[in-house]
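Shown next, in structure tokens, is the structure this report addresses.
The values are calculated or read from the model by the stated rules, or taken from the named source; none is laboratory data. Being a predicted model, the structure only gives us computed values, none of them experimental. Reconstructed Cβ throughout: ideal geometry from the backbone, glycine too, with neighbour counts over all protein chains shown.
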Amino acid sequence: MSGLSGPISVVIAAGGEPWETEALRVLTPPATVVIKRCVDLADLLASVSTGQADVAVISSGLPGLDGDALATLARGEVAVVVVGEDRTSLAARHRLGAQQISSLPQLVRAAVAEEAPSVAAPPVPPAPNHVGTIVTVWGPRGAPGRTTIAVALAAARARTGPHRVVLADVDPFGGSVAQHLGILDEASGLLAAARLVNTGTLDATSFALTRRTVEEGLEILSGLPRADRWIEVRPGVVETLARVATEHADVVIDAGFCLEDDDDLGPGPQRHLMTREALECADEIVVVGSADAVGLARLARALVEVQSVVPGARLRVVVNRLRDSLGWTAADMIAMVEGFVRPLSVTVLPEDVVVCDRAMLEGVAVSGETDLGKGLAALAAQVYADSPAPPVVRRRWRRP
């Protein structure tokens, strides 16, 4: 935008506010030119879709104005100036009161001078009483056990940690955390929270209503009920939710697998941005891979990829489903991983289908005295080194 020559093209959506007349008087050539007076939000979005507008001057009380509308303007590289009271609680860099309308031309020029659009997703900055940590569990395509590990980490932390734990399912291809814990209702906590972010009404109280307590100290934010509803989670939502949750809880995120940059597909919503945000806001990333030949090759590439997306990330690696028939030992797995990256730790977990199936049937996290349960407990102790080792939970069944 900073390279514009000639007058700045402005569209106005005043929503019937009395300041519109004064805005038309001060926004005059040669510096600016008003190309359209829009009657409502739909008219505004249609007008800017032509690519002729540089700046949109909008009433803060315009019906329907929310984060999605502002994000649409931002994707179209249209700067935004909001006039009036902050009724929507939406973030905009350029805002002035109706009584200051005489300074509108200067504010319009300032908006255009910026390289980036003036409105982004309405972020919630980290609170000064930030107490929790964010651990994101991620793995490449075909990495089995990612959700099992995320659930186990969250449950172990809830039993031993100083705070509550929020387990957030942000897989853009459909959630499975709720099913692992025996929650079968259709309501999506993620979509409910995304709507709060979109309208600028997210706070600790409203966010708590979108989560469900499954055991003492453990809450889940259930994921997408269908894969096609990812488009309702717009940019900034995942990071915003995680940061708000850390005001009173530790956070474990079960993320998707793909880190592909959607920008290559042109402007518009980005499906994989949810996963990248989950990685970028994490204090630690647990990378999960499979112990078979294909899984190890994918894990090796994934370790390089995740470091390019999040340089300097604190990584822990889990090689899952090791079994004797593969012909490799745990030491072989660790040596392979450390040939690509020096993570904080490498944990090798054995395959135990019976234990996983029983945990799924009971709607609980995998734990206990089995090799898999002990391995997951050791991983949780490493991730949360400030907490004591989780107590052994004796199962109500015996392994055959």
Considering only residues of segment 263-275 that are farther than 30 Å from residue 154 by Cα and not in a loop (DSSP other than H, G, I, E, B), which is modelled with the lowest pLDDT? 265
Within segment 364-384, restricting to residues that are among the charged types (D, E, K, R) and in a helix (DSSP H, G or I), the one that is nearest to residue 154 (Cα to Cα) is 374
If we keep only residues of segment 44-91 that are farther than 27 Å from residue 191 by Cα and acidic (Asp, Glu), then the residue modelled with the lowest pLDDT is 85
Boolean, residue 205 is more than 24 Å from residue 276 (Cβ to Cβ), free of Cβ contacts under 8 Å to residues at least 60 places away in the same chain, polar (S, T, N, Q) and in contact with a strand residue (DSSP E or B) (Cβ under 7 Å, 6 or more places away or on another chain): no
Cross-chain or 6+ apart pairs with Cβ under 8 Å, segment 19-42 first and farther than 12 Å from residue 108 by Cα, then of a type in the set (A, V, I, L, M, F, W, C) and assigned to a loop (DSSP other than H, G, I, E, B): 20/14; 35/53; 36/53; 37/14; 40/62; 41/62; 41/65
Hey, any hits in segment 240-255 for a residue that's in contact with a Pro (Cβ under 7 Å, 6 or more places away or on another chain) and within 22 Å of residue 309 (Cβ to Cβ)? yes
Filter result for the condition that a residue is assigned to a helix (DSSP H, G or I), crowded, with 17+ Cβ neighbours inside 10 Å and out of contact with any His (no Cβ under 7 Å at 6 or more places or on another chain), over 286, 306, 348: 306
Odd one out for residue 328, checked against (1) part of a loop (DSSP other than H, G, I, E, B); (2) within 27 Å of the chain's Cα centre (by Cα); (3) surrounded by 16 or more Cβ atoms within 10 Å (Cβ to Cβ): (2)
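To keep it simple, each residue is scored yes or no on (1) modelled with pLDDT of 95 or more; (2) in a loop (DSSP other than H, G, I, E, B).
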residue: 99; (1), (2): no, no
residue: 116; (1), (2): no, yes
residue: 120; (1), (2): no, yes
residue: 127; (1), (2): no, yes
residue: 131; (1), (2): no, yes
residue: 147; (1), (2): yes, no
residue: 154; (1), (2): yes, no
residue: 159; (1), (2): no, no
Identity of the residue in segment 191-208, part of a helix (DSSP H, G or I) and of a type in the set (Gly, Ala, Ser), that ends up farthest from residue 243 (Cα to Cα): 192
